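First the structure, in the form of structure tokens, and then the observations on it.
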Amino acid sequence: MKKGKITTTESACIKGMLNDGLAIMDMANQLDRSAQIIEKEVKRIKREVEENQLFIKQTASGNKGVSILTPTGSMRGDSPTSSEEPTSQSTTVIKNSSPWVHKIKNNG
């Protein structure tokens with residue numbers, strides 16, 4: 001059985017196997033890895049996919065360092081949580097805003 005970090009080739013194989021709907025044990029057998037390592041990589045891949053659905057971190061020209069909210073991320077942020085009581089939006093924004101967020105206009 002192989003040991004050490006999963007290579008980029010193995011990670012690409014795992015992504016393909018996920019798309020095909022293979023079980024974790026089958027992936028582990030084919031790649032000669034332990035099921036725990038494969039499961040950890042599957043969780044990382046799923047987290048990465050979910051993050052990519054919420055934020056765009058690269059422009060079309062390849063510039064990095066931007067973070068753009070996708071429509072899915074926006075809808076997720078707009079949905080109220082169960083612990084919050086609905087209040088006016090302006091009160092919530094001011095009350096929950098961080099010290100580095102500034103309001104540009106007071107009347108708008």
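The values are calculated or read from the model by the stated rules, or taken from the named source; none is laboratory data. The shown structure was predicted, so the numbers you read here are calculated from the model rather than taken from an experiment. Note that each Cβ is placed from the backbone with ideal geometry, even for glycine, and that neighbours are counted across all protein chains shown.
Structural remarks
- For region 65-86, filtered to residues that are in a loop (DSSP other than H, G, I, E, B) and more than 15 Å from ASN52 (Cα to Cα), the residue that is modelled with the highest pLDDT is SER79.
- Among the residues of region 41-78, the one identified as closer than 30 Å to ILE24 by Cα, touching a Lys or Arg at 6+ places or on another chain (Cβ under 8 Å) and of a type in the set (Val, Ile, Thr) is ILE45.
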